[in-house]
Amino acid sequence: MSKIDCYIIKDLLPLYVDEVVSTQTKNAIEEHILACNDCQKELNILKKEINTAHLPSEFAKGGEPIMKIRKHIHRNYCIIAIMIISILFIGSFCGVSYLRNNVKAIAFNNNIEVNLDNGNIIAEIEGTSIHSSHIVNIPVNGEETEFYTFFFVESSNWDNLISKKSTLSKVTIAYNDKGAENISKIYYYTGEYDDITNMSVDELQLIISNSTLLWQR
Ligand SMILES: [Zn+2]
């Protein structure tokens, strides 16, 4: 490193004492001071002044400009920190919303089971948490006494992200005393549900052939 003139070092000393110089400058100043008594003395005087500046204000008049610089720098750091935290916060919020709104039907892969529990019909889905479920009851032969139930469940990318293999989600397909006793078969079907309640027997047969029978009474 090249030798630096004393007047440059002396100009930099207040900033050095205030710890607002770069590492390279700091190293250069320290290297110079080790070899230069004159600047060493200047530094000691400055350090004493700075210490005085930390005393109550009537003792501290000499140190005020440095205190102001320090406060100013401190405030700028605070503003930058708040901005970074805000950006991170908004960014993660947008990211999570995006993941939550990205929803897909869960394919059947021996991961879904339907069981009776105290008269309630419950579906258990392994390996993911559930965003939503779609359940439709269709009367068999037009009679309101027997129903086939078609359902599917959806998960969002967020659900997939937070789920573990051991995650077990439960969805109530039908409640005891609210129609569960009239359901004779439960199918898992991930296709179109829009016209499913108005379908002919043949059309419904096609849906059934594309479904997985999960439970029957
Ligand atoms: Zn010097």
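The values are calculated or read from the model by the stated rules, or taken from the named source; none is laboratory data. Because the structure is a prediction, the values reported are computed rather than measured. Reconstructed Cβ throughout: ideal geometry from the backbone, glycine too, with neighbour counts over all protein chains shown. Ligands, DNA and RNA are stripped out before the accessible areas are found, and what is left, the full protein with its side chains, is counted by its heavy atoms. Shrake-Rupley method; radii C 1.70, N 1.55, O 1.52, S 1.80 Å.
Quick notes
- Surface composition of the chain: carbon and sulfur atoms hold 54% of the protein heavy-atom accessible area at a 1.4 Å probe.
- Accessible area in square angstrom per residue, the chain, 1.4 angstrom probe: 68
- Relative contact order of the stretch 104-216, pairs being alpha-carbon contacts under 8 Å that are 6 or more residues apart, as %: 31
- Nearest-ten-degree value, helix 64-101 long axis tilted from longest Cα axis of the chain: 10
- Cysteines without a disulfide-compatible neighbour (Cβ-Cβ under 4.7 Å), the chain: Cys6, Cys78, Cys94
- The chain, Cα convex hull volume normalised per residue, Å³: 253
- With a simple spin-label model that places each label point 7 Å from the Cα along the Cα-to-Cβ direction, the separation between Asp202 and Lys47 comes to 9.9 nm.
- Cα-only Debye scattering, the stretch 104-217: base-10 log of I(q)/I(0) at q = 0.16, 0.19, 0.24 Å⁻¹: -0.73, -0.99, -1.40
- Summing Cβ point charges (Lys, Arg +1; Asp, Glu -1) relative to the Cα centre of the chain gives a dipole of roughly 1520 debye.
- Of the GluC sites (Glu not before Pro) found in the stretch 136-214, those that fall in a DSSP loop while having at most 16 other beta-carbon atoms within 10 Å are Glu143, Glu144, Glu146, Glu192.
- Taking Cα atoms only, the orientation of helix 37-53 departs from the longest principal axis of the chain by about 60 degrees.
- Of the cross-linked pairs Lys3/Lys26; Lys3/Lys71; Lys104/Lys165, those separated by over 22 Å at the C-alpha level are Lys3/Lys71.
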